[in-house]
Amino acid sequence: MILVAVMALSLTAYAEEKIQVTVWHTFAKDQEAYINKAVEDFNASQDKVVVEALTQPYSGFLDSVYSAVNEGIGPDFIFNYASEAAKYDSSKLADLSWYIYDEEIGIEGFDTALIEGVMNGEVKAFANGLIPYLPAYTTGPILYYNKTLYAELGLEVPTTWEEMEANCKVIKEKKGVIGFGLDGLTDFIQMLIMESPNSGYIDVANKAVLFDTEEVRAKIAWAADMVQKGYFSIKSSGDYFSVDFNSGIVASYMGSCAGYPYIEPDGFEFAMAPIPAQTWYPSWNRGPVVFYYGDDARAEGAYEFVKYFISADVNAGWVKAANALAPYSWTKETDAYKAYIANTEDLGIQALMAVDANLGIAGSLPAVTGAAAIRDYLRAAIEKAASGDMTVDEAWTECVTLSNAALEGK
């Protein structure tokens, strides 16, 4: 009995010596199962780090994480976007660059593993060279359209916004329904901004927006006019435009590629296509955001799991579980990933191919303090202009003023 007690104490002490790392997430079903398996396999692969995955309620998740991290009792990492990491003071974020470029534990070929827009626009876009976030999978907005209606009216899938307007005009006149709904309203506005000549998004050094131009105002006026004419809709009758699309009250909509399981058309055939992006596309790259609690060993432990999770074979399994595209070149080269995306009969792969078609012009926007608030101001501006609560100039001037204040931390 004494021997057993001594052995138990020794095992406890050994376990306590391991670095404890926790991930909070809101994934369910296949994604939750895959994360749990990845954690189990990682823990079994080495004896220095123990990772624990804790599933959290979706409602209020990010607010809970923010409070916990700032109180020093939060997770070591979550899965989210670079823009979410930008909400935190840099002192609360781990700097993964210390480990990525380390000669012993670094990631070989890291600098060329992601497309330029993601690497420089997101991963390396934080102040002072900080890298607190790495993408783990790529998705994006696509066009869902009523294939039956398009065929009846002799319409082609639009490849420009001008063609979209022309289609919507025909649909409104012939069928009396809205031609285009916008689940991705903010992304749509950002596309209009980035496609405007002589314009840009954020001047990071001077903490000011670059979209206060006549060219952008003209684009916003056009978008508001599309809503007022009944060609576009920016508010769905349900949580998402899939509800309106299924019932036939909108002929197409811009929504997440992950939304295809919710398409249940009432008496028509649907199809998916790339959004008519012309020079810039807002791909969505989600992955680990790693926090820092003044413990370098703990931060390194979190990095070790992240490194494992984005490694070629593990990442290939993850993007399949998440029904997403791989962001890393090393994942794209695996046989498992090639077999996964080759199944073009699958609706999920068809949705992803509509994203992939635009990745050649994919770009990212600076993930700096105030960036998340700007998204809210862009949405509010188009809503106010389209409803007539404000003129376009009034709504856009307000948006610019509030955005610049947010960038200054006000």
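Bear in mind these aren't lab numbers, they're just calculated from the coordinates by the rules spelled out. A quick note: this is a predicted structure, and the numbers were derived from the prediction, not measured. Cβ: placed from backbone, ideal geometry, glycine included. Neighbour counts: every protein chain shown.
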With only helices counted (DSSP H, runs n ≥ 4, each -39500 (n - 2.57)), the per-residue ellipticity at 222 nm for the chain, to the nearest 500, works out to -13500 deg cm²/dmol
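Taking R0 as 22 Å, what FRET efficiency do you get between residue 268 and residue 169 from their Cβ-Cβ distance, rounded to the nearest 0.05? It would help to have the intermediate numbers written out before the result.
Values: r = 20 Å, r/R0 = 0.92.
With a Förster radius of 22 Å, E is 0.60.
For the chain, give the share of DSSP beta bridges that are antiparallel, in percent and rounded to the nearest 5; count only bridges with both residues there. Please report the intermediate quantities before stating the final value.
Working: 21 of 35 bridges.
If I count the DSSP bridges inside the chain, around 60 percent turn out antiparallel.
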3J(HN,Hα) from dihedral phi, the range 271-280, Karplus parametrisation 6.51/-1.76/1.60, rounded to Hz, x for glycine, proline:
8, 10, 8, x, 4, x, 6, 10, 10, 8
From fewest to most C-beta neighbours within 10 Å, the residues 40, 104 line up as 104, 40
Here FRET efficiency (C-beta to C-beta, residue 104 to residue 345, R₀ 41 Å, nearest 0.05) is 0.35
Round to the nearest 10 and give me the degree value, 0 to 90, for the angle of helix 29-45's Cα axis relative to the longest principal axis of the chain.
30
On a full-extension model of 0.36 nm per residue, what is the gain between residue 398 and residue 218, subtracting their alpha-carbon distance, rounded to one decimal in nm?
63.2 nm
Gaussian network model of the chain, springs between alpha carbon atoms under 10 Å - residue of 302, 273, 166 with greatest fluctuation:
166
Can you return the lysines within cross-link range of residue 384? Criterion is Cα-Cα under 24 Å, with same-chain partners fewer than 8 residues away left out.
169, 172, 219, 229, 235, 410
For residue 203, the residues 5 or more places away or on another chain with a placed amide H closer than 5 Å to its own amide H are 208, 209, 210
Taking only the alpha carbons of the range 191-339, the radius of gyration and the largest Cα-Cα distance, Dmax, both in angstrom, are 20.9, 59
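Given the Cα-Cα distance of residue 329 and residue 116 and 0.36 nm per residue of separation, how much length would full extension add, in nm? Present the calculation step by step, with values, prior to reporting the outcome.
Values: separation 213, 0.36 × 213 = 76.68 nm, distance 1.20 nm.
Extending this stretch completely gives an extra 75.5 nm.
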For residue 18, which lysines qualify as cross-link partners when the Cα separation must be under 16 Å and same-chain residues fewer than eight apart are set aside?
48
In degrees, nearest 10, the alpha-carbon axis of helix 185-195 is tilted away from the dominant principal axis of the alpha carbons of the chain by 80
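What full-extension length gain, to one decimal in nm, is calculated for residue 207 and residue 61 as 0.36 nm per residue of separation minus the Cα-Cα distance? Before the final figure, lay out the partial values.
Values: separation 146, 0.36 × 146 = 52.56 nm, distance 2.88 nm.
Length difference between fully extended and current span is 49.7 nm.
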Give the long-range amide H neighbours of residue 74: residues separated by 5 or more places, or on another chain, with amide H under 5 Å away, using H modelled in the peptide plane at 1.01 Å from N.
69
For helix 214-228, report the angle its Cα long axis makes with the longest principal axis of the Cα atoms of the chain; keep it between 0 and 90° and round to the nearest 10°.
70
Output wanted: per-residue J couplings in Hz (rounded whole) for the range 303-314, from phi through Karplus 6.51 cos²θ - 1.76 cosθ + 1.60, θ = phi - 60°, x for Gly and Pro.
4, 4, 6, 4, 4, 5, 5, 9, 5, 3, 5, 5
Sort 362-371, 29-38 by packing, meaning the average of other beta carbons within 10 Å per residue, with the highest value first.
362-371, 29-38
Cα extents of the chain along the three principal axes, largest first, in whole Å?
87, 49, 37
